[in-house]
Every structure is written in structure tokens, then in C-alpha cells.
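The values are calculated or read from the model by the stated rules, or taken from the named source; none is laboratory data. The shown structure was predicted, so the numbers you read here are calculated from the model rather than taken from an experiment. So basically every Cβ, Gly included, is an ideal-geometry build from the backbone, and we count neighbours across all protein chains shown.
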Amino acid sequence: MPRNVEEIIRKLTPAQRKRVERRAAELMAEEMTLQQLRHARKLTQARLAKSLHIGQEGISKLEQRTDLLISTLRSCVKGMGGELHLIAEFPDRPPVELSGFSAMENERRKKDEEVRAGE
């Protein structure tokens with residue numbers, strides 16, 4: 001006979017329910033959209049936009065995009081008070097944190113500024 005989740009949860013002890021709820025919260029925290037993350041940080045689009053020195057419509061567009069530059073994502077996360085880390089996971093080795101992106105981004109910005117100054 002099929003059972004639904006509510007029925008199973010009702011039969012759990014309070015301690016078991018608490019463990020299930022805690023794990024569910026952990027799983028939900030592991031994957032969020034930028035919009036969900038902004039909501040979790042209790043930020044409005046306008047407030048985040050102000051910290052990033054862009055318009056509110058820029059945040060709206062950013063949250064709808066599916067492909068972002070790492071530097072854009074890093075700025076957005078920093079604007080929310082966080083720090084972006086990139087982790088590569090492989091089946092045959094422990095996870096590896098990728099580094100060097102900040103240095104590359106700083107170099108790119110410096111070159112862009114030099115080009116703009118020369119125009």
C-alpha cells in the first residue's frame with residue numbers, strides 16, 4: 001500500500017523529526033538561485049543594487065541569467081556579504097578549490113582601465 005511523506009513523518013519520534021528537518025534545511029541551503037540567496041540574506045534588489053553601484057533593474061536581470069562571468073557572480077556574492085569559492089569535484093580524488101581567478105580578474109580590469117584611459 002503506498003504511503004505519503006506526511007504519514008511517514010507523523011510516525012517519527014520528535015527527535016527523528018528534528019533530524020529530518022535539520023537535514024532538509026542543510027540540503028536546501030546547498031543549492032539556491034541568486035534570488036533565493038538574496039532573499040535568505042534578507043536583502044531587497046534595491047539594497048543589493050546600491051551596494052554594487054548598479055540599478056535595481058540590473059539585479060533583476062542578473063537573477064534571471066543562467067550564464068554569468070565568475071567576476072560578476074563574485075561581486076554579487078560579495079555584495080550580499082559573502083565570499084565566492086570555486087570547488088572542482090572529481091570521482092577519483094578529493095575536491096579541489098580553484099584559485100587564481102581574482103588575480104586574473106584584477107589584471108583584466110587593469111587592462112580595461114588602461115584602454116579606456118587611452119581613448
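Details
- Residue count for region 26-48, restricted to those that are basic (Lys, Arg) and part of a helix (DSSP H, G or I): 2
Yes/no matrix, rows are residues, columns are (1) touching a helix residue (DSSP H, G or I) at 6+ places or on another chain (Cβ under 8 Å); (2) not assigned by TED's automatic domain parsing to the domain that holds Phe101:
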{"residue": "Ile8", "(1), (2)": "no, yes"}
{"residue": "Leu27", "(1), (2)": "no, yes"}
{"residue": "Gln45", "(1), (2)": "yes, no"}
{"residue": "Leu48", "(1), (2)": "yes, no"}
{"residue": "Ser51", "(1), (2)": "yes, no"}
{"residue": "Ile54", "(1), (2)": "no, no"}
{"residue": "Leu62", "(1), (2)": "yes, no"}
{"residue": "Asp67", "(1), (2)": "no, no"}
{"residue": "Phe90", "(1), (2)": "no, no"}
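Residue-wise test of (1) in a loop (DSSP other than H, G, I, E, B); (2) of a type in the set (Gly, Ala, Ser).
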residue: Ile8; (1), (2): no, no
residue: Arg17; (1), (2): no, no
residue: Glu21; (1), (2): no, no
residue: Ala24; (1), (2): no, yes
residue: Lys50; (1), (2): no, no
residue: Ser60; (1), (2): no, yes
residue: Thr66; (1), (2): yes, no
residue: Val77; (1), (2): no, no
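- Just one of the listed residues (Glu31, Glu83, Glu97, Glu6) is in contact with a strand residue (DSSP E or B) (Cβ under 9 Å, 6 or more places away or on another chain) and surrounded by fewer than 10 Cβ atoms within 10 Å (Cβ to Cβ), namely Glu97.
- Candidates Glu89, Glu57 - the one that is at pLDDT below 90 and on the phi < 0 side of the Ramachandran plot: Glu89
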